[in-house]
Amino acid sequence: MAAETLMGRGHGVTVYDSMPSVGRKFLLAGKSGLNLTHSEDEARFAARFGAAGERLGLGGFPPQAVRDWAQGLGSPTFTGTSGRVFPVAMKASPLLRAWLARLTEGGVAIRPRHRWTGFDGAALRFETRDGERLVEADAVLLALGGGSWPRLGSDGAFAGILPAEGIEVAPLRPANCGFDVAWSPLMAERFAGAPVKSVVARFGETALQGEFVVSATGIEGSLVYAHAAALRDALEARGKAELLLDLAPGRTREALAKALSRQKAGTSLANRLRKGAGLSGVKAALLREFPGSQDLRDPQALAAHIKALPLPVAAPRPIAEAISSAGGVRLGAIDARFMARARPGLFLAGEMLDWEAPTGGYLLTACFATGRAAALGLLEWLESRPR
């Protein structure tokens, strides 16, 4: 996006990529449907980024601009039932092909297999198949990604390079990630891969309805990702955190207790749950996995447990497995033009900056917006220099 913004402004633009081809993480994002942006209003959209929302240039490239941009590349979009916006083709590859064609036709040079390893004075240092290469430029824009999915190129190596240049970097942490749970061997073996549908998960004051998946090591899925930042921060601060699950959101505690009390004495827990609460399979297993201090033979206690089942999480999954990452170059280390305060002429954009957002089109839109804003800042800086 930065290259597209700079294209045709009188400067030569070269994109260096460490991978054999560009846009690999973009293609991964479109593997199950490319969620480009979200249809909610701009104020609510920006609020999803917390305090960082005011620093990401979202006003210059809001959700509608993303849709218009995709349309201009021959990829019209539609809004799904959840408000998420997708290309009609759903895939990322047609959009990426058209985008790259437009860049190359506009004079942008693309150099794959160039891994940036730092600076050599004013020059950029690249590792290539033909050995080290030094490149000098009037201005440099880094968009190195975060720390998730390192096999696609964004390995977070910049976190060990930029501090030596006086650029402060916050530790990279997993975001939109799954969590480890201390399952019993039986739970892990029997229910790994089982979806837990139509539940409400609460953490703190935030309660959301959706679904998640039990994995061999813990839990993952959209409902977990929506709480991931708060769970991760609680684990870091207090060493423990738990989701509170409502396994029967369509029924009240009182109605459940009444239905359960009608079951015959001596009926097994599995049958009482199935007949009285409509719960079986993985939901019934979760209730048995974490009985707590509740007497599950008592209808009132069992109903309370169904409506508020504590699910303790032990740790976030490794950052390499996360959808995205938090941390990166602190926003205080860049100015309003996205230029590093400690190194004039160096601009930074995308997920390598210290912000995070939920899934739903927010991540891609913010990467686009910061790329555009940083490129405009770069142009402003070039034009302000003495000639």
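The values are calculated or read from the model by the stated rules, or taken from the named source; none is laboratory data. Computed from a predicted structure; not experimentally measured. Positions of Cβ are backbone-derived with ideal geometry, glycine not excepted, and every protein chain shown enters the neighbour counts.
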Looking at ALA207, ALA143, ALA164, ALA175 in this structure, which one is within 24 Å of PRO291 (Cβ to Cβ) and either of a type in the set (A, V, I, L, M, F, W, C) or touching a helix residue (DSSP H, G or I) at 6+ places or on another chain (Cβ under 7 Å) (or both)?
ALA207
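Quick check, is LEU152 under 23 Å from ALA349 (Cα atoms), under 19 Å from the mean Cα position of the chain (by Cα) and not assigned by TED's automatic domain parsing to the domain that holds VAL224?
Criteria met by LEU152.
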Return the only residue of VAL85, VAL15 being more than 23 Å from the chain's Cα centre (by Cα) and part of a strand (DSSP E or B).
VAL15
Restricted to the range 60-84, and to residues that are touching a residue at least 40 places away in the same chain (Cβ under 8 Å) and of a type in the set (Gly, Ala, Ser), which residue is nearest to ALA143 (Cα to Cα)?
GLY60
Exactly one of ARG97, ARG111, ARG84 is surrounded by 15 or more Cβ atoms within 10 Å (Cβ to Cβ) and of a type in the set (Lys, Arg), and that residue is ARG84
Please name all residue pairs, on different chains or six or more residues apart, with Cβ atoms under 6 Å, provided the first residue is in the range 229-247 and is in contact (Cβ under 8 Å) with a residue 12 or more places away in the chain and the second residue is β-branched (Val, Ile, Thr).
LEU231/VAL313; ALA241/VAL313; LEU245/VAL199; ASP246/VAL200; LEU247/VAL199; LEU247/ILE306
Which of the residues that make up the range 339-387 are within 20 Å of HIS11 (Cβ to Cβ) and part of a loop (DSSP other than H, G, I, E, B)?
ARG343, PRO344, GLY345, ALA349, ARG385, PRO386, ARG387
Return the only residue of THR365, THR359, THR370 being surrounded by fewer than 22 Cβ atoms within 10 Å (Cβ to Cβ), touching a residue at least 12 places away in the same chain (Cβ under 8 Å) and assigned by TED's automatic domain parsing to the domain that holds LEU36.
THR359
Working carefully through the options GLU205, GLU168, GLU211, find the one that is free of Cβ contacts under 8 Å to residues at least 12 places away in the same chain, within 25 Å of ARG48 (Cα to Cα) and out of contact with any His (no Cβ under 7 Å at 6 or more places or on another chain).
GLU205
Residue check, ASP180 over 26 Å from ARG9 (Cβ atoms) and free of Cβ contacts under 8 Å to residues at least 40 places away in the same chain
no
Yes or no: ARG297 among the charged types (D, E, K, R) and touching a strand residue (DSSP E or B) at 6+ places or on another chain (Cβ under 7 Å)?
no
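Results for (1) among the β-branched types (Val, Ile, Thr); (2) in the same structural domain as ALA201 (by TED's automatic domain parsing); (3) part of a helix (DSSP H, G or I), shown as yes or no for each residue.
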{"position": "ARG272", "(1), (2), (3)": "no, yes, yes"}
{"position": "LYS275", "(1), (2), (3)": "no, yes, yes"}
{"position": "LYS283", "(1), (2), (3)": "no, yes, yes"}
{"position": "ARG288", "(1), (2), (3)": "no, yes, yes"}
{"position": "PRO291", "(1), (2), (3)": "no, yes, no"}
{"position": "LEU296", "(1), (2), (3)": "no, yes, no"}
{"position": "ALA303", "(1), (2), (3)": "no, yes, yes"}
{"position": "ILE306", "(1), (2), (3)": "yes, yes, yes"}
Among the residues of the range 289-310 satisfying the criterion of being surrounded by 15 or more Cβ atoms within 10 Å (Cβ to Cβ) and in contact with a Pro (Cβ under 9 Å, 6 or more places away or on another chain), which is modelled with the highest pLDDT?
LYS307
For the range 311-329, indicate whether the set of residues that are at pLDDT 95 or above, assigned by TED's automatic domain parsing to the domain that holds VAL66 and more than 27 Å from PHE203 (Cα to Cα) is non-empty.
yes
Exclusive hit being over 13 Å from VAL199 (Cβ atoms), among the small types (Gly, Ala, Ser) and modelled with pLDDT of 95 or more, set ALA234, ALA248:
ALA234
Would you point out which residue out of VAL224, VAL196, VAL200 is under 22 Å from PHE290 (Cα atoms), touching a helix residue (DSSP H, G or I) at 6+ places or on another chain (Cβ under 7 Å) and assigned by TED's automatic domain parsing to the domain that holds GLY250?
VAL196
